[in-house]
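Here is the structure we will look at.
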Amino acid sequence: MTEKLKTQKLESYLKIAVDKTEDVKGNFHMGLGALKSSDRQKIIVPNTRYILGSLDIDTSTKEKYPQKNRWDYAIEYNNETFFIEIHPGSTNQIPIVLAKLEWLKKWLTEKAPEIKVLKPKNKPPYHWIYTNRYAILPNSKYRKLLAQKQLVPVKQWNYSSL
């Protein structure tokens, strides 16, 4: 590691955006602090120093949107923000996850444009980490539907394999 990297202080663009977004203002956490402890182990990155912060979208917006299917997290890695949903990986859960994705996209556009612009340019921004076992057949209509939405369920979110 170079000396420059050791002394470089990285600024979190997600923190700035969260502070400008009324629905989630004040809910930014350093590193993976916004994630439940059981969810943190599902995030794999080559260098943890580049995890600049996180936001628990679900908890932060629960009071304002109690009846909605809300997305779980935003995680900033190397100045790019990724949106992570941790949810069971069975066929009957697909409509729920897709409803959460649609809610997230609408929320980002209407209520959180400062966060929306932080999405990565060359990597998929939306990710579903499945819990327990995965039960969606590779050639099923559900898998094709998920592919159309650019949402691929994975056991762990691994930045290096994006």
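The values are calculated or read from the model by the stated rules, or taken from the named source; none is laboratory data. It should be emphasised that the depicted structure is a prediction, and the values quoted were computed from it without experimental measurement. No Cβ is skipped: glycine too gets one built from the backbone with ideal geometry, and neighbour counts run over all protein chains shown.
Here's the yes/no breakdown for (1) among the acidic types (D, E); (2) touching a Lys or Arg at 6+ places or on another chain (Cβ under 9 Å):
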site: K42; (1), (2): no, yes
site: L52; (1), (2): no, yes
site: P66; (1), (2): no, no
site: E114; (1), (2): yes, yes
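Looking across the range 124-154, the residues that are farther than 20 Å from Y50 by Cα and touching a Lys or Arg at 6+ places or on another chain (Cβ under 8 Å) come down to I129, Y130, Y134, I136, L137.
Please tell me if R70 is over 20 Å from L108 (Cα atoms) and out of contact with any strand residue (DSSP E or B) (no Cβ under 6 Å at 6 or more places or on another chain). It is false that R70 is over 20 Å from L108 (Cα atoms) and out of contact with any strand residue (DSSP E or B) (no Cβ under 6 Å at 6 or more places or on another chain). Please determine whether any residue of the range 54-62 is of a type in the set (D, E) and within 16 Å of the chain's Cα centre (by Cα). There is at least one residue in the range 54-62 that is of a type in the set (D, E) and within 16 Å of the chain's Cα centre (by Cα).
Could you run through the range 144-162 and say how many residues are assigned to a helix (DSSP H, G or I) and surrounded by 12 or more Cβ atoms within 10 Å (Cβ to Cβ)? First the steps, then the outcome.
Looking only at the range 144-162, we keep the residues that are assigned to a helix (DSSP H, G or I), and these are 144-148, 159-161.
With the extra rule that they be surrounded by 12 or more Cβ atoms within 10 Å (Cβ to Cβ), the set shrinks to 145-146, 159.
Within the range 144-162, residues that are assigned to a helix (DSSP H, G or I) and surrounded by 12 or more Cβ atoms within 10 Å (Cβ to Cβ) number 3.
Of everything in the range 64-109 that's of a type in the set (D, E) and in a strand (DSSP E or B), which residue is nearest to V24 (Cα to Cα)? Going through the qualifying residues, I end up with E76.
Just to verify a result, which residue in the range 106-143, among those that are within 29 Å of E11 (Cα to Cα) and aliphatic (A, V, I, L, M), is surrounded by the fewest Cβ atoms within 10 Å (Cβ to Cβ)? Residue satisfying both the conditions and the ranking: V117. Checked against (1) at pLDDT 95 or above; (2) closer than 24 Å to V45 by Cβ; (3) among the β-branched types (V, I, T), T109 meets all criteria but (2).
The set of residues from the range 115-130 being within 15 Å of the chain's Cα centre (by Cα) and of a type outside the set (K, R) comprises I115, V117, L118, P120, P124, P125, Y126, H127, W128, I129, Y130.
Residues that are touching a Phe, Trp or Tyr at 6+ places or on another chain (Cβ under 9 Å) and farther than 30 Å from R49 by Cβ within the range 60-99 comprise Y65, K68, N69, P88, G89, S90, T91, Q93, I94, V97, listed in sequence order. Scanning the range 13-68 for residues that are surrounded by 13 or more Cβ atoms within 10 Å (Cβ to Cβ), more than 20 Å from W128 (Cβ to Cβ) and of a type in the set (S, T, N, Q) gives T21, N27.
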